[in-house]
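Beneath this line is the structure, given in structure tokens, with notes to follow.
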Amino acid sequence: MPSNDGFFQDPKKAAAVLKHGILRRYLAKFAGATATTAPGRRVAFIDGFAGEGEYRHPVTGVTEVGSPRIALTIAQDLRARGINLECTFVEKRPDAFGQLKALVDSCGDRSALALQGDISDHYEDAIRRSANIPTLVFLDPFGRSLDHDQTVAALAARGDTVPTELLLNFSLQAVRRMGARLYEDDGAQGRTATLANLDSWLGGDWWRGEFLKEELLALPREERAHPAALAVWEQYAARVRDALGYHSYDVEIRRKPTDKPLFMLALFFPRINALYSYNDHVSLAAQDWRKFLAETEFAEAEALDETDPLLGESRLAEARRRFADDEEATKRQAIDDVKDSVTRHLGVLGHLHVSKNLDKVLGAAVGIARETHIRAAWKELAAEGATSDCPKGSLEKQTIWRA
């Protein structure tokens, strides 16, 4: 089974900024929230494709952090609050595991465990070790993930008495690449093995029907795999939800706004009350991602200014101004989207509980808007005479009433 090959080969990728921004915020929130009723205030984190943990780039000298370093830092912070975050990291590649083990050992956290091997060989044991304590499982492969049946069986066996959530990074690019082999001749070298591998990953050959739909076969061959992979993801996510009785929330992970998504990062969770805070974490991580992309542009503009200065406004000043304008436009659009959605649904329902009806509150702004945007939208709607007044404090448990 593949690991995170190539994940740290370049300076920190924009896609990793978004993914790690979500993980860093949500792991801390999950552990803090569930530890209050957990035995011994213990919470588990299982990282199935851990990688090196962190990596010092040989050219830039910058240390790039991976999920293990993020988790170990959070664990250290939580210990000061009397919360024990017990981390299990699994990595297959010997060279990457050596670095991971050194990182774990250097932290002096006796509850942290680094295991070498394929996640399929350690998964059930790791789940069993955390049988009675809240557990967040993080599966973040570079390519294919743990087989579907194995993924859900161990989680389903825990029942619904112990908080258990799955944060899964699903590789659309792997599904595109592997699934496209359906279009090759039957005798093509490696075709049969690749398709069988995908069957195992996805829990059957049902996905083949998505790649062979008539409307896709009518497209040029090079245009078929992406829409097919997105359709496969929708069905796969539904199968995980159905098998576990969970809800899910997914986020497209891409390098740039104009790129096709590389992954779908999905949280599968049993209780809807996890959704409100998770959406806030996604929104803040998306803001980090936009800032990271802008800072890359700033660096390029500054370099050009040094080699080829302009009269008047510098390229760097222009880039900074454009970013500020774009962020303000993003904020305004998010508020307007929330207003439109709230107005539309209030016309039918009469009232909306903010967290229980979060999808209806956010509308098109899901993953972009968070509480600050909901508050601004609610205040504007109240001023327009469309809703009840917006209260102070957290809005999570509040209800918006039609005026």
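The values are calculated or read from the model by the stated rules, or taken from the named source; none is laboratory data. For clarity, every value in this text was computed on a predicted model and none was experimentally measured. No Cβ is skipped: glycine too gets one built from the backbone with ideal geometry, and neighbour counts run over all protein chains shown. Side chains included, ligands, DNA and RNA excluded: accessible areas come from the protein's heavy atoms. Shrake-Rupley method; radii C 1.70, N 1.55, O 1.52, S 1.80 Å.
If only one of 66, 48, 82 is at pLDDT below 95 and either over 15 Å from residue 27 (Cβ atoms) or crowded, with 17+ Cβ neighbours inside 10 Å (or both), which one is it? 66 is the lone residue from the list that is at pLDDT below 95 and either over 15 Å from residue 27 (Cβ atoms) or crowded, with 17+ Cβ neighbours inside 10 Å (or both). With a requirement of 2 or more residues that are β-branched (Val, Ile, Thr) and open to solvent by less than 40 Å² (accessible area, probe 1.4 Å), the helices (runs of 4 or more DSSP H) lying completely within the range 291-403 that satisfy it span 315-349. So residue 143 passes all but one of these: (1) farther than 17 Å from residue 45 by Cα; (2) at pLDDT below 95; (3) open to solvent by 20 Å² or more (accessible area, probe 1.4 Å). Which condition number does it fail? Exception for residue 143: condition (3).
Results for (1) closer than 22 Å to residue 269 by Cα; (2) open to solvent by less than 10 Å² (accessible area, probe 1.4 Å); (3) modelled with pLDDT of 95 or more, shown as yes or no for each residue.
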| residue | (1), (2), (3) |
| --- | --- |
| 151 | yes, yes, yes |
| 161 | yes, no, no |
| 177 | no, no, yes |
| 186 | no, no, no |
| 202 | yes, yes, yes |
| 209 | no, no, yes |
| 218 | no, no, yes |
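When the range 122-179 is filtered for residues that are aromatic (Phe, Trp, Tyr) and either farther than 18 Å from residue 31 by Cα or in contact with a Phe, Trp or Tyr (Cβ under 6 Å, 6 or more places away or on another chain) (or both), the ones remaining, listed by number, are 123, 142, 170. Within this structure, residue 198 passes the test of being over 19 Å from residue 88 (Cβ atoms), hydrophobic (A, V, I, L, M, F, W, C) and not in a loop (DSSP other than H, G, I, E, B). Is there any pair with a first residue in the range 30-44 that is of a type in the set (S, T, N, Q) and a second that is open to solvent by less than 20 Å² (accessible area, probe 1.4 Å) and outside any helix (DSSP H, G or I) whose Cβ atoms are under 7 Å apart and which are 6 or more apart or on different chains, and what are they? The qualifying pairs are 34/43; 34/134. Residues that are open to solvent by 60 Å² or more (accessible area, probe 1.4 Å) and part of a helix (DSSP H, G or I) within the range 103-136 comprise 105, 106, 121, 124, 125, 128, 129, listed in sequence order.
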